[in-house]
Structures are given as C-alpha cells and as structure tokens.
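One structure is given below, encoded as structure tokens.
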C-alpha cells in the first residue's frame, strides 16, 4: 500500500521536515531530522529505481487527479536515475555536515540551515520526479531560494555577494523558463509534459514554439551554468559553507541538465531540435569552449575551492557536449557523467571542507606540504582528481570513453581533440595541488599530523571509493544511463 | 595450482608485498625481507607458468566487464610470457641492489620507495598478462602514476620539474593519442581483444590503418619514439635503482611491449605487411635510433648517456616490429629481453659508481677500474651486449633484426643498424678505455673508495652473468618468440 505512494513520499518527506526543523529550533535535532530524511529519501529512490527496472515507467496521479488534468509524478529510466544520484549525495553529505557546519556557521543559525537543506533537497527531488511543466518551475524556485540562503550562510562576506549574484542570475533563468512554459501552454493547452509532447505535434504555428524553446533553453542554461552563463557558479561554490558546496556541486546543475534533457528530447525533440535548428551545434560549440576555457581558468586559480568550481564548469561542458552530439553513446556519456561527476566533485568538495576545517584556508599557497599533515585527505583528493582527469579505473574514464566514441561516430574529430585537451588541462590543475601538497616543504611551525576528523573523512572517502568503484563496476551507472539515453532518443522517433 | 591462479598470484603478490612494506616501515630489515619474499613468490609463479605457455597453452582469466564487451581480462601468450619473465627475474635482483643503494646513500622515504617499486611490478605484470587493450591501458596508466613518486623521490625543485615532464609526456600521449587509438579500434573492428592475426577487417581502408598506427606508436609514449622521448632523460633524477629496473626495464619495456603486442595482435603482421600507409614507421624509428645515439655521444652525464642509449635501443624494438617480417618480429621479442638484462647492468654500475665514488660524469671516470674492478667488469659486459658483440645476449637479438631487415630487403633499416652499432661503440668504448687505461686525475676531489656495498656488487655480477648466460641459452626465449610467428 505505502509502496504505491513512494513517488509522493519522495518529495513530501523532506518538504514536511523543513517546517518541523524550524519549529523545533534546535541545530542538533535539525541535523538528526535532515539526516534521517535524506536516508529515507535514498531508500525510496532506490526502491523506485528497482521498480522502474522491473516494471517500467511509474505514473503517479498526485491527489488522485488523473493526468493530464492533475499533476502527474512520472518515474522513468532517466528520472529514477537522477533521483538516486540526488538522494545518494544528500545522504552522504548530511552525516558529514554536522562538524563542518559547526565550524563554519554560527550556531544560532544551524537549525535554519538544516531546514533550508531539507527544502533544497525537496526542490531538487521534486524537479526530477514531476511530470508537470509548471510544477517543475515551482520546485525549481523552492530549490533555488533555499539554495541562495544556504550559500549566504557562508562565513565569508563574499558569500553574500555570491548569493546575491546567484539570486539575480537564477531568477532570470527561472523567469525565462516560466515564460517559455507559458508560451507552450498557450499553444498546447496543457502543462503535463507527456501530453504537451503529443499535442505539440499538431501545432501549426511554429514561431511561438520556437520562442518557447529559446526561452527555456537559455533559462535552463543559466541554471546549468553552461558557458558563458556560468559566472554565478564559482563564487557560489567557493564561499558557501563546505557541506553546502559539496551538496550543490553534485546536484543543482545536474538536475537542471536533467530538465533540459527532458525538454529538448522529450518535448521539442519530435519536431524541432534535430531538423533545421542548429541548437545541438551551438550546444556542442559552447560545451567545447567551456571544457577548454574553464579548465584554463581553473589552472590559474589560487583558491582550491574556486579551482574546483571552474573545473565544474568544464565538466558540465562534458555533460552538455554529449547531449549536443545527439547519438546514443553521447547521450549515455551525458547521463552517466551526471552521476560520475556528481560523485567525484562532491567527494572533492567534502575533502576540501576537511582541509578548511584544519588549516582555516583553501588558498593553494597555504597548503604547502599538506600531505604530511593530512595524508588521508590529500590522497583522497588525488584519487578523486584522477577521476576528474578520466584516468582508466575511475568513474571519469567511463564518461570519457563514451564521449570520444560518440565524437568518433559522429565523425567530429575536432571534438576528440577538445576532449583530449580538456583532460590534459584537468591533469595539469589536479597536479598543481599534488605538487603543492606533496612536493613542497611545509612552512616551519606547521602542525605535524592533524588529519580531518573521522566524521568528515568517512563520508568523503565513501565517495572517493565510489569514484574508483564505478570505474570498474558499471552495471548500475552505465547500464542505467544507457537505458535513459535509449529512452530519450526513442522519444524522438 | 592452475595457471589462472598462478597468474593472479603473480600479480597480487607485489601488491601484498607493497602493503607489507608499508606496514613494517619501523623495521627496515623486516621490510626488506618482505620485499624479497614477495619478489621470490612472484618469480616462482611466473617460472611455473612457462611450461604451460611453452606447450602452447594460453591460460585466460576474465574477471568482470567494465564496458559492455570489454572486460578486465588476462590471457598469457608467448610475448607476454617473455616480458613477465624479464620483469619477474630482474625484480629480486634489483631489490638486492636497491637495499645496498638506498642504505649506502642514506636515502629518505625508503618505505614509500619499496612500496611503489612493488606496485610498479604488479602493474608491469598486469600489462604483460592483459588480454585486451582496455586492461593493458588500465595498467599502463597506473604504472605511469605509481612511478611518479619514484621519479620525484627527492622532492626538490629538480624533481618537481622532472616530474612534470614525466607526467606531461606519458599522461599526455596516452590520454590523448593512445586512448583515441583504442576507441577508434573498438569502433572500426568492434573488438579490442588481442587476437592472433589481428582484428582489423578487410573493409578498413589503407589510410585509416596508417592513421591508427600513428596514434598507437606516438600514443604509447613509454616506447619513447621521437618526439615523445623527453620524459626518459627527465626520469633520470630518480634514485638509480628506479632508473635501472623501471626506466631501463619495466616502464620502457612496457612501452615497446605494447607496441609489438598491438602490431601482432591488433593490426596483424600479415594484414598490414606491404601497405603503403605503414611504411613511414621504419624511417621514424630509424631517425630516433640515430638521433638518440648522437645525443648519447654528446652527453657527459653517465645516466643521461645511458638514457639516450635506451631511447635508441627501444626504437630497435619498434623498428623490428615495423619491418613486419617473421624474423624481425622474433628479433623484437628477443631484444626486449636482451636489452633489459644488458641495460640494467649498466645502470647498476652507474649507481655503484655514484654510491662509492660520488661521480656522475663520464669525464670523471679515468682509471676507476682499478678501484672498482667488479663494477667495471660488469659494465664492460653490459656494453658488449648493447653494441651487439658476442658472447653477449645483445648479439643474438640484433642478429635476428638484421636477418629480418634483409629478409624484407629493407636496406635503409640495415644501414641504420650498421650506423647505430658504430655509434654505440663510439659512446661506450671510450668509457671503458678511460676506466681501464687512463691514469686517475687528482683534482682535489678524489677520496679513497673501493667497491660499492656488497649487495650492489652482487646484483651487478648476477645480471652480467645473465648477459653472458643468455647468449648461450638463447634457445629458450627463442622458442617462445618463434611461437609468435608460428615458425
């Protein structure tokens, strides 16, 4: 019985947790509740994933109002995959968060932070699970507004500026999105995504639909931080509390990519994306530029968190590149990289959180000889860094393999060159850390051996291990991504 | 024990050994004993595998699929057997040598050194046993990464710079060119399994094959074909045992081994013999052979001279493979063996000279044979092998390469081989002459010294004896190499 309502519970549990945490006004209880909620969420997501594997797409009518009139929750190969990713990262980050937050945020704000965390999680899961275009907007706003607050809680004053910048950019993005949805509603008379896709086929007047496509694509690109709309991202990731950076780096942009995938291939794909419009070409080009330029910027950064943030912009390029290539392998690369990069980057931000806790800084110059002081943390950064580079035996390699394969199949040699260049640049910026941490002498007077506390190390290393594990066992990550890719592309025919 | 279990044990023993080394860092003697035990077990495993391969067996292990259709899998064939033998036989000898060297020079971070060393051997065996390009690539990359801490062992500015060059060239070439070559093979042939006769179908164009070959040759940066050779001289900042086992045997041989393996089992010798798109390769390797020899001739630093000599000798193997005749393929396989034994002896000697006399330059070696007779005797045997003079092992492999070139009527290759032999003699013989027949110059820096610590001398004597023994016992590697071309 309760199993039938899993799709609703996935969203409702964190949604209810947030006000409960605020009412209790206790940082400790707030953390406990948020953690319990995130673990419940992971269980639900895994159950949903398994059910989709077994029985195919689940359609859940919210409040028993039948779609397309009521709001439909739709769990299919793609959304169940993203649900697992988001709830997995939340479930790993929250146990980590307590100590890290305690060190970085004044204690009277802890309960608010955990309430916002639960809301943000609720929003991200909601975006993923809903099958209704306007409902996506609502959840997008829930996750974004809570996200702005989370970032603003960073201890540095620059966090406020970054949050504000993100607020402006994010609001523009969300507004564009809702304008696009409005236009589509005008033309089709429905907000249900599946219904919209069917009805769009009968629409004669193309121009408003094209305008909708433009608004939605640009709006979502802002949220994705697709180059050159990425300028909010480095500040937001660098100055947010470490646990927040870790969670958001793995999930926020990924979920936005998911929505873009839905719209481009699930809705517009039928008529507009492939023939005529150079949308995929533009996407490919921007991704390629992101992969090279953002990596170059990362190479020059002096702050480890900002370095990782720019690396994220580049890695988002990998994701959108696969999308732009538009064949099964490219799409598989995109979807699997949602997962692989989510795991990798979250692991890195969590480890850096430990470094900040111990050294009080993440300026690269201040980290000389860090490997003697925090050997376990540093080695974790190296391993996760290898996954960023895409060395075989890591999750990142699985993505790169499919991207290169996809580019070769498409006969686009220049993209192969870009991928190679980008991974070499990644090697260069990862190795900046390696040289500083391992090959520079520690400043005199530095603490001898001071590893991050286990409460930070264990969750972080769980994800580091995942970076390696998913480089060998791809039966979940790759098979799930391929199912999703095939489903998306079949939706186009 | 089945052959499969032996292969797994051979690969896992060094890993366990590294773990043991890391755990026993407080007690150096116990730590070194563990290194020896691991090396011994690995050697026994590899030796026990020989009869099976000799009899035509090709033991195979499929662990699990990484990508659909490409598993982490191992299959032992004659070329891999030869390579594994080289690595497994020389590992215990270098361990003996390393102990003398690391203690004699009072090096720091010895635990890390021995642990990474053992892991590098595990990767080398993984490469030797790999059944497809994905498995090979995996171990190939890990080998690069695991040797990085060895190259940057001294952790100073020089080591940092050398480390950059090392990784830049090796990761750069493999992550860009080699990976693309592998994926392109996968796309064109539908498989990346090493298959006797190759996997490229008849529908693949001449130009595509030429392009693919270029991607492989330059992508496998460990083979050090010019212009991708710069990492090898850079790696010489490492302690000498690293230069000896890794940068004269394991790492560089992993490169040429991969090249030969790809030529035989991916391209297929008969499939590409005579194609116009692959006949550039002998010229590129010929150039590398000559150019590297000239640089070696002009290097006063002994290790640098040896490094450039290695670059030149590696291209012998690639050239032999590129000639695409049965005899030259045999020559390529044998040269992997003979050069390994010869070059490790030379590096051992260079390290002994550094440890005992603190000398690194060729010009400082006048009269040193009087003080270090064993070292210089071993050095002399090593040079004989590298020049290709009987009764040293190098003569044999060179002989087969020459036969192969003659069989294929490749006159350019013959000319290169002849010129290179003269150059080899030109950069090695003066060292020997100076060591034996010149009077020591007393410039005030001289200090009384004898031989290096005994473990180093013992290691040198063993490998030098090996060079001579191989000349008389070449029948056996030859039999394995013959299986490659089914002669």
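The values are calculated or read from the model by the stated rules, or taken from the named source; none is laboratory data. Everything numeric here is computed off the predicted structure, so don't read it as measured data. Cβ sites come from the backbone with ideal geometry, for glycine too, and all protein chains shown count toward neighbours.
Quick look at the values:
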item	result
In region A:347-386, the residues that are away from chain B (no Cβ under 14 Å), in contact with a helix residue (DSSP H, G or I) (Cβ under 8 Å, 6 or more places away or on another chain) and part of a loop (DSSP other than H, G, I, E, B)	A:361, A:362, A:374
Output for region A:1-23, where each listed residue is over 24 Å from residue A:57 (Cβ atoms) and not in a helix (DSSP H, G or I)	none
Residue match in region B:202-217 (condition: within 14 Å of chain A (Cβ to nearest Cβ), surrounded by 24 or more Cβ atoms within 10 Å (Cβ to Cβ) and outside any loop (DSSP other than H, G, I, E, B))	yes
Residue B:312 within 25 Å of residue B:432 (Cβ to Cβ) and at pLDDT 90 or above	yes
Identity of the residue in region B:369-393, in a helix (DSSP H, G or I) and within 23 Å of residue B:106 (Cα to Cα), that ends up nearest to the chain's Cα centre (by Cα)	B:375
For residue A:462: the one exception among (1) closer than 21 Å to residue A:346 by Cβ; (2) facing chain B (nearest Cβ under 10 Å); (3) touching a residue at least 60 places away in the same chain (Cβ under 8 Å)	(2)
Residue selected from region B:90-115 under the condition over 19 Å from residue B:354 (Cα atoms) and surrounded by 24 or more Cβ atoms within 10 Å (Cβ to Cβ), by the criterion farthest from the other protein chains (Cβ to nearest Cβ)	B:90
Single condition residue B:57 does not satisfy, out of (1) at pLDDT 90 or above; (2) touching a helix residue (DSSP H, G or I) at 6+ places or on another chain (Cβ under 8 Å); (3) away from chain A (no Cβ under 14 Å)	(1)
Qualifying residue in region B:62-72 (condition: away from chain A (no Cβ under 14 Å) and modelled with pLDDT of 90 or more)	no
Condition met for residue B:199 (touching a residue at least 40 places away in the same chain (Cβ under 8 Å), part of a loop (DSSP other than H, G, I, E, B), more than 14 Å from chain A (Cβ to nearest Cβ) and closer than 25 Å to residue A:401 by Cβ)	yes
Complete set of residues in region B:129-158 that are within 7 Å of another protein chain (Cβ to nearest Cβ) and either outside any helix (DSSP H, G or I) or more than 20 Å from the chain's Cα centre (by Cα) (or both)	B:152, B:155
Odd one out for residue B:186, checked against (1) in a helix (DSSP H, G or I); (2) farther than 27 Å from residue B:81 by Cβ; (3) within 11 Å of another protein chain (Cβ to nearest Cβ)	(2)
Filter pass, residue A:112 being under 26 Å from residue A:178 (Cβ atoms), in contact (Cβ under 8 Å) with a residue 40 or more places away in the chain and out of contact with any strand residue (DSSP E or B) (no Cβ under 6 Å at 6 or more places or on another chain)	no
Filter pass, residue B:171 being farther than 15 Å from residue A:427 by Cα and at the interface with chain A (Cβ under 9 Å from one of its Cβ atoms)	no
Single condition residue A:474 does not satisfy, out of (1) under 22 Å from residue A:307 (Cα atoms); (2) under 24 Å from the mean Cα position of the chain (by Cα); (3) in contact (Cβ under 8 Å) with a residue 24 or more places away in the chain	(1)
Region A:400-449 - residue that is at the interface with chain B (Cβ under 7 Å from one of its Cβ atoms) and over 13 Å from residue A:292 (Cα atoms) and, of those, modelled with the lowest pLDDT	A:439
Residue match in region B:358-368 (condition: within 27 Å of residue B:82 (Cα to Cα) and in contact (Cβ under 8 Å) with a residue 40 or more places away in the chain)	no
Counted residues, region A:221-255 - those being over 14 Å from residue A:172 (Cα atoms) and assigned to a helix (DSSP H, G or I)	21
Sole exception among (1) away from chain A (no Cβ under 14 Å); (2) within 28 Å of residue A:392 (Cβ to Cβ); (3) in contact (Cβ under 8 Å) with a residue 60 or more places away in the chain; (4) assigned to a helix (DSSP H, G or I) for residue B:22, by number	(1)
Residue A:364, sole failed condition from (1) buried (at least 24 other Cβ atoms within 10 Å of the Cβ); (2) touching a residue at least 40 places away in the same chain (Cβ under 8 Å)	(1)
Qualifying residue in region A:146-160 (condition: part of a helix (DSSP H, G or I), out of contact with any helix residue (DSSP H, G or I) (no Cβ under 6 Å at 6 or more places or on another chain) and surrounded by fewer than 21 Cβ atoms within 10 Å (Cβ to Cβ))	no
